[in-house]
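Quick note: the coordinates plus some simple rules give every number you see, no bench work behind them. None of the values given here were measured: they were computed from a predicted structure. Don't worry about glycine lacking a Cβ; one is built from the backbone with ideal geometry, like all the others, and counts go over all protein chains shown.
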Amino acid sequence: MTDSEGSGEWTTFSLLNDEPVAAEPDDQLGAGLAAKRLAGLLLASRASTPFTLAVDAGWGMGKSSLMRLVDAELQKEPGVHTVWYNAWTSTGADALEGLIKSVLMRFDRRVLRRGLQRATDQRALIRAARALLVLLAGPLGVSRLVDELWSNLSAKPEARNDMRDAIKDLTQEWAETGEFTPRRMLVVFIDDLDRCSEETLLAVCEAVKVYLDVPGLAFAIGCDRSALGPNGLLRDLSPAGAAFMEKIFQTSYRVPAADGRDFEAYIRRCMRATGIHRVVDDELVPLLAERSGRNPRRVKRLLNGFVLEATLNPMWAGFGSEAVIRTLLLQYFYADFYRMMADPGPGAGDVVAEFRRYREARRILLAGPGVVKTGNDKKVWRLFEEYEVAPPGSLDQDTSVAALARLEQYLPSGFPALATDQAFISLLDELLRLPRSPELLTAIRSGPKDRVPSTLSQLVDVEMDMAEEYAGLERGATPSRQPPARPPLPPTRLGGLRILWVDDHPDNNAGLVGLLMERGAGEVDIARNQEEADRAIAARPPDLLISDVSRGSAAEAGFTYVERLSREGRYRGEVVFFTGRVTPAREARARELNALGITTDPYQLLRLVDEAADRRQ
């Protein structure tokens, strides 16, 4: 039941699966037409085998679904057989054997028996006798024949030199069987190649190019090609290895992002399937489409994350699903603003009320002198007084714009962009209109202050960040309309870095301290004030100083302390400021102090710590 009146009652939600589309009736994004055309192209190219087609796209953009649909189309054609091989299920050199055996398994039993007979012709007596027993044993399963054939072909290192010729003979005999006209073709689909280790990737490519590059075989490989380049998984490859990789693919098909209207319809279907559509207005669909980069898997992960968080997190007990889902949308899509809602920092006040006052002042200042009213003048002047910023001398356009720019120096850095973001304004206004919104905002502020990602972030954000490694976002790829994403953090990178963290509320950072230790920090000392920090630095200077900015009533305590350390020559190492509030004025001050950065974002903090570790080396 929907909590439309703020009663605290809940809609029943459900989770989405993440299986690729395998049949045309399940195709919700219009990939069927491309699948038909790709299947037709493969069929028309029978005489051109062997060749390899890359189905190229980032993580979650529909490679597997498209290949499954092509597979379904090809299976309708007489004389065309298909093999599906997921490279991610293999490890290292086993991938070569696994792929070759998968191909051999599609051949007729009689073809395999004749191939096994040929493979034993000049082998050792014992092996030949064993193979003969297998051949005389009567009807055997294809799997047993393939195992014996592989055993013979790979018995000795020098035997592998003959493997390609043996496979070529088998393929030719299978493809040119008299009863099939035109010749038969085997299309091998290889998926998730860009998720593999370098060893597995190279083994698969060796199987494709060295042993299976024979007439009658065609390969369709699903991967993000940017992840396979010299700046990706194969960054340490030799020039000869890089040249070999260039020969793997004859051509590529880049899967386009879904059409805007089609993708919004897809989101609505997913929302209906989860039950979220009953508590989220349709106006938010374009926001979901834009912020997901029109990535189908990302939408599913995002909606599933909402469902799990809303259902399982006890923080939301007593609030209706309508309020909770809106809060989670705000948390996910506008994480910096949500962090200020949850943990604004000492003396920062209510960021929601602050933003609304700023937005009103901005409207008045930019409206022009012809629409300014006396009552509104007072609102503007009070806001300037609150931040101790010189107000405009008058409300004509030039001085108003300059005064607004002065005011924005002391407001959170994201406020100007948020003030023109209609999706954000709509989401925030809808949340504030709900009957129990004051209680919800209080619950958010009084919740746990540990700035490690919440359950929602762990379920959705981290998974998506890990996926971006495969999308190659750090390696120069430019997915269509895809927003900047956080690539995964290396598990161990800090190399024993010694860190001193100064914060008068250290419990807020306990989770992050644990992550730093897990990722290789040698030690993380905690200081609640300058005196404790002085003693720690005197005992053993750290490699990195992480500091808050405000402490108690001292709005710039962190800045003044770092400045004093530098002036007195007691610390010359790297500095990062981690605070609940970043403003242009604070960013400028951090630059003056030569800090690596200032951030509210725990992910960005970890990135800055990585940078400090790199600089130390």
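Between Arg269 and Ala390, what is the label-point separation in nm under the 7 Å Cα-to-beta-carbon projection?
Label at Ala390, label at Arg269, 6.1 nm between them.
May I have the extent of the alpha carbons of segment 238-334 along their three principal axes, as whole Å values ordered from largest to smallest?
Sorted largest first, the three principal extents are 63, 31, 23 Å.
What does the extension gain come out to for Lys36 and Val401, with contour length at 0.36 nm per residue minus their alpha carbon separation? Mind dumping the intermediate values first?
Numbers: separation 365, 0.36 × 365 = 131.40 nm, distance 5.67 nm.
Length difference between fully extended and current span is 125.7 nm.
Tell me the net charge near Arg616. Cut-off is 9 Å between Cβ atoms, Arg616 excluded, with +1 for each Lys or Arg and -1 for each Asp or Glu. All intermediate terms of the calculation are to be shown ahead of the outcome.
On the way: positive: Arg615; negative: Asp543, Glu574, Asp614.
In short, -2.
Take Leu432, project a point 7 Å from its Cα along the Cβ direction, then tell me which residues of segment 282-300 have their backbone nitrogen under 19 Å from it.
Inside the label zone: 284.
At 10 °C and 1.306 mPa s, grab the translational diffusion coefficient of segment 279-352 from Stokes-Einstein with a Kirkwood Rh over Cα pairs, rounded to a whole number in µm² per second.
On the way: Rh = 13.6 Å.
Once the numbers are plugged in, D ends up at 117 µm²/s.
Roughly how compact is segment 513-617, stated as its Cα Rg over 2.2 N^0.38 Å to two decimals? Intermediate results must be reported in sequence, preceding the final value.
Numbers: Rg = 13.1 Å, N = 105, 2.2 N^0.38 = 12.9 Å.
Taking N as the residue count of segment 513-617, the ratio is 1.02.
Roughly how many nanometres apart are two label points built 7 Å out from the Cα toward the Cβ at Asp169 and Asp147?
Result for the modelled spin labels: 2.4 nm.
Given the C-alpha centroids of segment 278-328 and segment 6-85, what is the distance between them in whole angstrom?
What the calculation gives is 27 Å, centre to centre.
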